[in-house]
Amino acid sequence: MMYKILIVDDEPNIVMSLEYAFKKKGFEVFIARDGSEALEIVKSHIPDIVLLDIMMPNVDGYQTLKQIKSTKKLEATKVVFLTAKNKASDIEKGLELGADKYLIKPFSVKKIVSEILELMA
């Protein structure tokens, strides 16, 4: 089974390392640099999972998550926050808004890949 993942982050180095790792695992990878780009992509490609930063230009991760969760055709899509926002209140807010997982930067690419594979299992 080939999973589709949408990586949403405005940090090019993070995007490149995650894209490489997920492609190596057989994922079909889509990239967005901010929330508005992500929302455009999900109109035509329904990802199995969205790996989403919170602090981004234009539309932030919280708004992006709300839009995804309120879209009927995306109800099976899992959303994972990957962010530097590491306060308990940030984590609580992310999970309350409907994130399936909340992961903190800095991170190990290997760990992120295994967390995602575990979530999809």
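A few remarks follow.
- The set of residues in region 47-64 being farther than 17 Å from LYS105 by Cβ and touching a Phe, Trp or Tyr at 6+ places or on another chain (Cβ under 8 Å) consists of PRO47, ASP48, ILE49.
- Restricting attention to region 68-94, the residues being small (Gly, Ala, Ser), within 22 Å of LYS111 (Cβ to Cβ) and assigned to a loop (DSSP other than H, G, I, E, B) number 1.
- For PRO57, the conditions (1) surrounded by 16 or more Cβ atoms within 10 Å (Cβ to Cβ); (2) not in a helix (DSSP H, G or I) are fulfilled apart from (1).
- If the condition is being closer than 19 Å to GLU11 by Cα and small (Gly, Ala, Ser), then region 35-81 contributes GLY35, SER36, ALA38, GLY61.
- Of all residues making up region 101-121, the number that are part of a loop (DSSP other than H, G, I, E, B), touching a residue at least 24 places away in the same chain (Cβ under 8 Å) and open to solvent by 50 Å² or more (accessible area, probe 1.4 Å): 1
- Applying the condition of being open to solvent by 70 Å² or more (accessible area, probe 1.4 Å) and outside any loop (DSSP other than H, G, I, E, B) to region 35-54 and asking which residue is nearest to ILE7 (Cα to Cα) yields GLU37.
The values are calculated or read from the model by the stated rules, or taken from the named source; none is laboratory data. As the structure is a computational prediction, the values presented were derived from the model and not from experiment. Every residue, glycine as well, gets a Cβ built from its backbone with ideal geometry; the counts of neighbours run over all protein chains shown. Areas reflect the complete protein model, heavy atoms only, side chains present, ligands, DNA and RNA absent. Shrake-Rupley method; radii C 1.70, N 1.55, O 1.52, S 1.80 Å.
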